[in-house]
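See below for the structure under consideration.
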Amino acid sequence: MKLSVIKKLDTESLLSRTVRELPPSGIREFFDIVYSTPDCISLGVGEPDFITPWRISDAAIYSIKDGCTHYTPNRGLLELREIIAKQISNAHGVVYDPETEVIITMGVSQGLDLALRSIINAGDEVIIIEPCYVSYAANVKLLNGVPVVVATHFDNKFEIEIETLIKSITTKTKAILLNYPSNPTGRTINRETLSAIARLAIERNFIVISDEIYSALVYEGEHTSIASLPGMKERTIYLNGFSKSLAMTGWRLGYAAAPRNISDLMLKIHQYTALCAPSIAQYAVLDVLENSQGDIDRMKSEYLNRRNYIVNRFIEMGYPCQMPQGAFYVFPDISSSGLHSKDFALKLLKSERVAVVPGSAFGSTSENHIRCSFATSIENIKEAMRRIEHFSKKARK
Ligand code: PLP
């Protein structure tokens, strides 16, 4: 056939409607501007500013030298799964069989995707608690599931209201997706609320996907996992990883622990779509995980100092702010500036070269908030606060 007679292809109609209709991440659009702004201080990124502890990098280099550069078992290295199962058992008293109930994943991101894929049929509902991590609703929609939003509010310290939660449960509810401590609020979920959610999950028969990626960064009290409550191991998909606790975002390593019937389905998807998590990252962590608490504590104590500083500064500036109980984000209420979150963030970026994330990226109820990460040096934070104060004085005039 002559080229001239080949009909011009309409590739647009070949693309996935689900993906085309998905809105782009509210953060990415914003960060395109950040990257092109010179001398910008970013309180925007959700990753540790610390370099991965050297012992981990060193172990990775050795694993490359030793030729540990091939596929691992689909579930991940058994020795690593054994250590992880032991750590979960020590921390929460929940016993997972490393042979059949633990999968090493490419970060919590992949664990979350596997969890959702293993339970969602088109039209199923997944309850998400807003404000929340930007990927949750999108991940559910990508599977033609329906995210059902339960909003939490600043005035109520971002507590989940059980009465509101009950109203959101329907016959189509497959799961609730929890994240504690939370990105973006830093709020964790107390034992009483977890128990109430657990009772509902059992009575109304749904699964809990428990994203505990910030559990190593809790500043006050103990972290309780919902998986540890009576009857909950059977219906919880526990997700965690090394991105935040060990400053390993680029290594793409996490894990999912779930009862065998769920874990088997997650493994099937993992086998077909990923084969295994990166071998070098697995070997690196395997060598040091059992004595990494010192590294975690060192970073945590630095975050704690920064948290106290940044929260006090926002309050001094007249922006009410809850004290984050964990993670490395503050979520001040900026309504006294007279600006909505996106305007605030854009104007702040243009006039003072400070990047923060508009609250609207985390849900429609967060229009009056901005998210600031304190995973950056105290010098940067001090200078950013000085610039935000300058900006606020001008905005309020
Ligand atoms: N879950 C939450 C709540 C997060 O904040 C993030 C990253 O910011 C992730 C999951 C993704 O983590 P990972 O790097 O392990 O994929």
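The values are calculated or read from the model by the stated rules, or taken from the named source; none is laboratory data. The structure presented is a predicted model; accordingly, all values stated were derived computationally and were not measured. Virtual Cβ from ideal backbone geometry, glycine too; neighbours counted across all protein chains shown.
Within segment 82-97, residues that are part of a loop (DSSP other than H, G, I, E, B) reach partners that are modelled with pLDDT of 95 or more and surrounded by fewer than 15 Cβ atoms within 10 Å (Cβ to Cβ) with beta carbons closer than 9 Å, at six or more positions or on different chains, in the pairs V95/S89; Y96/S89; D97/R260.
Scanning segment 130-147 for residues that are away from the ligand (no atom under 13 Å from the Cβ), surrounded by fewer than 22 Cβ atoms within 10 Å (Cβ to Cβ) and part of a loop (DSSP other than H, G, I, E, B) gives L143, N144. The residue that is nearest to the ligand (Cβ to nearest atom), among those in segment 77-95 that are surrounded by fewer than 24 Cβ atoms within 10 Å (Cβ to Cβ) and not hydrophobic (A, V, I, L, M, F, W, C), is Q87. The residue that is nearest to D32 (Cα to Cα), among those in segment 355-397 that are of a type in the set (S, T, Y) and part of a helix (DSSP H, G or I), is S360. One residue is enough: does segment 168-178 have a residue meeting the conditions within 16 Å of the ligand (Cβ to nearest atom), without any contact (Cβ under 8 Å) to a residue 40 or more places away in the chain and either crowded, with 18+ Cβ neighbours inside 10 Å or more than 15 Å from I226 (Cα to Cα) (or both)? No, every residue in segment 168-178 fails to be within 16 Å of the ligand (Cβ to nearest atom), without any contact (Cβ under 8 Å) to a residue 40 or more places away in the chain and either crowded, with 18+ Cβ neighbours inside 10 Å or more than 15 Å from I226 (Cα to Cα) (or both). Of the residues making up segment 240-251, one or more are among the aromatic types (F, W, Y), within 14 Å of the ligand (Cβ to nearest atom) and either touching a residue at least 24 places away in the same chain (Cβ under 8 Å) or in the same structural domain as Y96 (by TED's automatic domain parsing) (or both).
When you check D264 against the structure, is it among the charged types (D, E, K, R), assigned by TED's automatic domain parsing to the domain that holds K157 and within 24 Å of the chain's Cα centre (by Cα), yes or no? For D264, the condition - among the charged types (D, E, K, R), assigned by TED's automatic domain parsing to the domain that holds K157 and within 24 Å of the chain's Cα centre (by Cα) - is met.
If you filter segment 179-198 down to residues that are among the polar types (S, T, N, Q) and under 21 Å from C372 (Cβ atoms), you find that the one that is surrounded by the most Cβ atoms within 10 Å (Cβ to Cβ) is T185. Within segment 363-388, being at pLDDT 95 or above and in contact with a His (Cβ under 8 Å, 6 or more places away or on another chain) holds for one residue alone: N368.
Scanning segment 34-81 for residues that are touching a strand residue (DSSP E or B) at 6+ places or on another chain (Cβ under 8 Å) and in a helix (DSSP H, G or I) turns up V34, L80, R81. Checked against the criterion of being surrounded by 24 or more Cβ atoms within 10 Å (Cβ to Cβ) and either closer than 30 Å to G221 by Cβ or at pLDDT below 95 (or both), the candidates V356, V311 yield just one match: V356.
Considering segment 204-239, the residues that are in contact with a His (Cβ under 9 Å, 6 or more places away or on another chain) and not in a loop (DSSP other than H, G, I, E, B) include one that is farthest from the ligand (Cβ to nearest atom), namely S228.
Report, by residue number, each residue of segment 364-379 that is surrounded by 20 or more Cβ atoms within 10 Å (Cβ to Cβ) and of a type in the set (G, A, S). Hits for segment 364-379 are S366, S373, A375.
If you go through segment 172-229 and pick out every residue that is under 22 Å from V95 (Cα atoms) and of a type in the set (K, R), you end up with 2.
For G46, the stated conditions hold: it is modelled with pLDDT under 95, surrounded by fewer than 22 Cβ atoms within 10 Å (Cβ to Cβ) and either under 24 Å from the mean Cα position of the chain (by Cα) or in the same structural domain as I378 (by TED's automatic domain parsing) (or both).
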